[in-house]
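Notes to accompany the following structure.
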């Protein structure tokens, strides 16, 4: 059965993430952000950063997702600061 993706966010969720899908796996890559728009705006830069550091990122499906609780991500919310410091 094909996966079904929601076009809108869950109104009960207040934590938003840049996500990547590789086959059956979904990764929360950056976030949490306080709004869906903030996660959407970060997605192109997060994707470009990931593609520079991991060749698999070129073949992943990129987007956003949300949860009702904060979840730690590899890049976090302020990932640009970490990238500059590295």
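The values are calculated or read from the model by the stated rules, or taken from the named source; none is laboratory data. Predicted model, so just to flag it, every value in this text is computed and none were measured. All Cβ positions, even for glycine, are placed from backbone atoms using ideal geometry, and neighbour counts span all protein chains on display.
Close Cβ contacts (under 7 Å, 6 or more residues apart or on different chains) running from residues in segment 68-86 that are surrounded by 15 or more Cβ atoms within 10 Å (Cβ to Cβ) to residues that are modelled with pLDDT under 80 and assigned to a loop (DSSP other than H, G, I, E, B) are absent. Please verify whether segment 32-47 includes one or more residues that are surrounded by 18 or more Cβ atoms within 10 Å (Cβ to Cβ), at pLDDT 95 or above and in a strand (DSSP E or B). Yes: segment 32-47 contains one or more residues that are surrounded by 18 or more Cβ atoms within 10 Å (Cβ to Cβ), at pLDDT 95 or above and in a strand (DSSP E or B).
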